[in-house]
1. Going by alpha carbons, how many degrees (0 to 90, nearest 10) lie between the helix axis of 200-215 and the longest principal axis of the chain?
2. Among the lysines, which have Cα under 22 Å from the Cα of LYS106 when same-chain residues fewer than 8 positions away are ignored?
3. Please list, by residue number, every one of the GluC sites (Glu not before Pro) in the range 63-170 that is coil in DSSP and has at most 10 other beta-carbon atoms within 10 Å.
4. Helix-only estimate, please: 222 nm mean residue ellipticity of the chain, summing -39500 (n - 2.57) across DSSP H runs of length 4 or more and dividing by its residues, to the nearest 500.
5. How far, in degrees from 0 to 90, does helix 150-159 lean away from the longest principal axis of the Cα atoms of the chain, to the nearest 10?
6. Using alpha carbon centroids, what distance separates the range 183-213 and the range 100-134, in Å?
7. Taking K and R as +1 and D and E as -1, what net charge do the other residues with C-beta under 13 Å from the C-beta of LYS146 add up to?
8. At 1.4 Å probe size, with every protein chain present, just tell me what the per residue accessible area of the range 1-64 comes to in Å².
Amino acid sequence: MPDLCYIPTRYKEGTYTHKPFHTEIDDGICLDYDDQYQILTYTVPNLEDCREIVLYQISDKELMETLKITYAPDGVLQKITAQLKNRELILYIHYTDAEHAKQGLKNFAIRNADAIIAQIGSFTDIAARLFIEYFCDGDCYDFHAKIGTPTQKAEIEKEYPDDGDVVDNPGDYPMDYLYYGDNEAFHIFVACASDGMFSYFQYTVDLMVERIREQAVPLLQKTEDFKFICEEYD
């Protein structure tokens, strides 16, 4: 897997392209790239658990043409960004402390939840269930919403007449009405925060769930037995 760029965690203040950073280093971020599968891999610096981020279907040309690397006045690496898949993606962000991390993740949670809420708002049928499903195994992050209609619910009840709880299981509903935000950004923003005894993943999930509960549920036409259900899957 070829190395595209070596980015030190300290450098002169300013914003740079990739051009100064092609000398191999031990202390920093190495952007590895798989040409065959278009996979970008790198490890978040300065964290004890060596968190690896893997991004798929990344154009190395697009990445290297739009890469921006920013250092603060004290020389500390602040962020790495690139224009990928028609949007700016933050590949790395430096959090100064826990409160900075929480505020950054709160800002992301609001943006991501609002993107999902806007999609839910376009649903014009009647909703019997609104599910939130989420997952994290360290390598993969997922957060999405799913709507179940009365017709789908009736079909599940017919198929499983002796199981009253099955209609509350999102996995038994078809994937006709799935709504995603930006799971790549979700992964990166959380992975850049040092957890310790605090779960920034769950913190961000909880913020998104409550915003969707408060703002998306009122947008829907609902059955009398409508439920909003949130669960982590494996």
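1. 40
2. LYS79
3. On the way: sites: GLU65, GLU88, GLU99, GLU133, GLU155, GLU157, GLU159; in loops: none.
Those that pass, being in a loop and sparsely packed, number zero.
4. Values: 5 runs with 65 residues, N = 234.
One gets -9000 deg cm²/dmol as the mean residue ellipticity at 222 nm.
5. Taking Cα atoms only, the helix is inclined about 70 degrees.
6. Spelled out, the Cα-based centre of one part sits 13 Å from the other.
7. Numbers: positive: ARG129, LYS153, LYS227; negative: GLU133, ASP142, ASP168, ASP172, ASP176, GLU231.
So the environment of LYS146 carries a net charge of -3.
8. Working: 3960 Å² over 64 residues.
It amounts to 62 Å² per residue over the range 1-64.
The values are calculated or read from the model by the stated rules, or taken from the named source; none is laboratory data. Quantities reported herein were computed from a predicted structural model and do not represent experimental measurements. Positions of Cβ are generated from backbone atoms using ideal geometry, with glycine treated the same way; all protein chains shown enter the neighbour counts. The area values use the complete protein model at the heavy-atom level, side chains included, leaving out ligands, DNA and RNA. Shrake-Rupley method; radii C 1.70, N 1.55, O 1.52, S 1.80 Å.
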